[in-house]
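Below is one structure, written out as structure tokens, with a few remarks after it.
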Amino acid sequence: MEIFFLHLLNYFFFTFHTLLVLFNLFGWVFPKSRKLHFISLLLTFFSWGVMGIWKGFGYCFLTNWHYQVLRKLGERGMPNSYISFLIEKRTGWLPNADLVNTLTLTFTLVAFACSLWVNFFRRK
């Protein structure tokens, strides 16, 4: 029963976390989700920066929880970045960590700027 629960958690984290990444990048596009998008990005930055003070910059509690499940399922050698993990799982290719981290931060900051614009500066 425990192994079934672990697999269920794995699918949940994989689905939820992947959708959250996509939402963090594109949630600003849809008027009904703009405020939630802004809050989601603030929580993401809190995890990366504030929690990162103790765990290392870029720390993500969802990645940590998912990796705990994967380790119990026997997975080893996972990259630090969840984006790298997704790329490797989908393509078999593990990209350079610095490149992934730079692009992840860049695209997230662009999404944040877009969110700021549509939530606070754009005339309605």
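Values quoted throughout were computed directly from the atomic coordinates according to the rules given, and no laboratory measurement underlies them. Remember, it's a predicted structure, so these values are computed and weren't measured experimentally. So basically every Cβ, Gly included, is an ideal-geometry build from the backbone, and we count neighbours across all protein chains shown.
Among 48, 93, 28, 117, which comes first, then next, by fewest other beta-carbon atoms within 10 Å?
93, 117, 48, 28
Annotation: Cα Rg of the chain relative to the compact-globule expectation 2.2 N^0.38 Å equals 1.15.
Taking a Cβ cut-off of under 15 Å around residue 13, the surrounding Lys, Arg, Asp and Glu residues balance to a net charge of +2, with basic ones at +1 and acidic ones at -1. Contact order, relative form, for segment 12-106: 15 percent (alpha carbon pairs under 8 Å, 6 or more residues apart, mean separation divided by residue count).
Along the charge dipole of the chain, pointing to its positive end and built from +1/-1 on Cβ of Lys, Arg, Asp and Glu, which listed residue (79, 95, 16) has its Cα farthest out? Checking the options against the dipole of the chain, the answer is 16. Taking every lysine pair in the chain that is 8 or more places apart or spans two chains, those with Cα atoms closer than 24 Å amount to 4.
Mind checking the dipole of segment 1-96: about its Cα centre, +1 per Lys or Arg Cβ, -1 per Asp or Glu Cβ, Debye to the nearest 20?
It comes to approximately 200 debye.
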